[in-house]
């Protein structure tokens, strides 16, 4: 009787996930103003030289993003359960699907761990969080580089001492090294928890020990996966900016893109509302910079918004649609005992 109930609950929850994800995707793709004008904009720029080549490269890079995330998660979760590449790939896609209607991509964790057969789910979530932390750290590091280069351009250095800027650079370097060092030595967090909690540590030991499983070299590998992934989707953004006629060179665009992602990382969102916020943040950053160089125009505004929206479409919405097919692989209730 218990097994039948578990099976029924599994099917019911899967259906709810599919309905919610499909509804939110349909609403975003066909009813929200962020994307309804996309076909018209595409036709407007489609005659530009190299447009379709740039768009093709962007689309071809979609699997690279997912594969890098798959290798990263497979590597992290191997401490708990040996997962094949195919199942890890499905888990990543399913995580994207579930994250579409949950705040701050938290659904990404649940979409992945419920594909596991034996591993403790909460331990798996903690392992998965280490991958998310690496991606956030990557965003912060590139954001720091952006701040270091762009700050003198946004602020008149005559109005304050040059030593203030030097102090800012030193602060950024110290912060960057501290963040990276803390992450690579995250295994020490287990000992810190043990000292803080005292006798109560026994209650959380099973989960606190997860962080001690990963050594510095392993976390460095995870961080490198995150950096490569960051470079891929940033390059996609740059290609889309070029495709839609935004006149800006590669170095400047990468600095501005890094600033956009840094600002996005501190704004609470769900994936579906993210598209509008991303467009607004992108407009603010690019407009502020390009107005100083005299390169900003109405056409540039259209190009930036379209590039931002299309990037969301190819890297989130499209994989989320594919992930719908794998939601039925999720097991919210298992017969097997957790080992």
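The values are calculated or read from the model by the stated rules, or taken from the named source; none is laboratory data. This structure is a prediction, so every number in the text was calculated from the model and none was measured. Heads up, the Cβs are rebuilt from the backbone with ideal geometry, glycines too, and the neighbour counts pull from every protein chain shown.
Kindly indicate whether any position in the stretch 122-133 is in contact (Cβ under 8 Å) with a residue 12 or more places away in the chain and over 22 Å from residue 185 (Cβ atoms).
Checked the stretch 122-133: at least one residue is in contact (Cβ under 8 Å) with a residue 12 or more places away in the chain and over 22 Å from residue 185 (Cβ atoms).
In the stretch 79-94, is there at least one residue being part of a loop (DSSP other than H, G, I, E, B) and modelled with pLDDT under 85?
Taking every residue of the stretch 79-94 in turn, none turns out to be part of a loop (DSSP other than H, G, I, E, B) and modelled with pLDDT under 85.
Kindly indicate the residue of the stretch 130-186 that is modelled with pLDDT of 80 or more and not in a helix (DSSP H, G or I) and also nearest to the chain's Cα centre (by Cα) among those meeting that condition.
Step by step, filter the stretch 130-186, then rank; the result is 186.
Is it the case that some residue within the stretch 130-149 is touching a helix residue (DSSP H, G or I) at 6+ places or on another chain (Cβ under 8 Å) and within 28 Å of residue 15 (Cβ to Cβ)?
Checking the stretch 130-149: at least one residue is touching a helix residue (DSSP H, G or I) at 6+ places or on another chain (Cβ under 8 Å) and within 28 Å of residue 15 (Cβ to Cβ).
Which residue out of 250, 201 is within 22 Å of the chain's Cα centre (by Cα), surrounded by fewer than 17 Cβ atoms within 10 Å (Cβ to Cβ) and more than 26 Å from residue 75 (Cα to Cα)?
250
Filter the stretch 288-327 for residues that are modelled with pLDDT under 80 and either assigned to a loop (DSSP other than H, G, I, E, B) or within 24 Å of the chain's Cα centre (by Cα) (or both); which is farthest from residue 235 (Cα to Cα)?
Selected residue: 294.
Filter the stretch 47-84 down to residues that are over 20 Å from the mean Cα position of the chain (by Cα) and without any contact (Cβ under 8 Å) to a residue 24 or more places away in the chain, then give me how many there are.
Of the residues in the stretch 47-84, 8 are over 20 Å from the mean Cα position of the chain (by Cα) and without any contact (Cβ under 8 Å) to a residue 24 or more places away in the chain.
In the stretch 13-32, what residues are modelled with pLDDT under 80, assigned to a helix (DSSP H, G or I), out of contact with any helix residue (DSSP H, G or I) (no Cβ under 7 Å at 6 or more places or on another chain) and more than 19 Å from residue 314 (Cβ to Cβ)?
Within the stretch 13-32, 13, 23 qualify.
Within the stretch 219-240, identify whether any single residue is more than 30 Å from residue 48 (Cα to Cα) and over 22 Å from the mean Cα position of the chain (by Cα), and answer yes or no.
no
Identify, from the list 237, 233, the residue that is over 17 Å from residue 150 (Cα atoms), buried (at least 21 other Cβ atoms within 10 Å of the Cβ) and touching a residue at least 60 places away in the same chain (Cβ under 8 Å). Give the derivation first.
Details: 233 fails: buried (at least 21 other Cβ atoms within 10 Å of the Cβ).
Unique residue meeting the criteria: 237.
Only residues in the stretch 197-208 that are closer than 14 Å to residue 121 by Cα count as the first member; pair them with residues that are at pLDDT 80 or above and not in a helix (DSSP H, G or I), Cβ under 9 angstrom, at least 6 apart or cross-chain, and list the lot.
Qualifying pairs under 9 Å: 206/120; 207/120.
Assess whether residue 228 counts as being within 23 Å of residue 69 (Cβ to Cβ), at pLDDT 95 or above, surrounded by 11 or more Cβ atoms within 10 Å (Cβ to Cβ) and touching a helix residue (DSSP H, G or I) at 6+ places or on another chain (Cβ under 9 Å). First the steps, then the outcome.
Working: within 23 Å of residue 69 (Cβ to Cβ): yes; at pLDDT 95 or above: yes; surrounded by 11 or more Cβ atoms within 10 Å (Cβ to Cβ): yes; touching a helix residue (DSSP H, G or I) at 6+ places or on another chain (Cβ under 9 Å): yes.
Criteria met by residue 228.
As an exercise: evaluate residue 271 against (1) under 23 Å from residue 55 (Cα atoms); (2) crowded, with 22+ Cβ neighbours inside 10 Å; (3) modelled with pLDDT of 85 or more; (4) in contact with a helix residue (DSSP H, G or I) (Cβ under 6 Å, 6 or more places away or on another chain) and give the number of the one condition it does not meet.
Answer for residue 271: the failing condition is (3).
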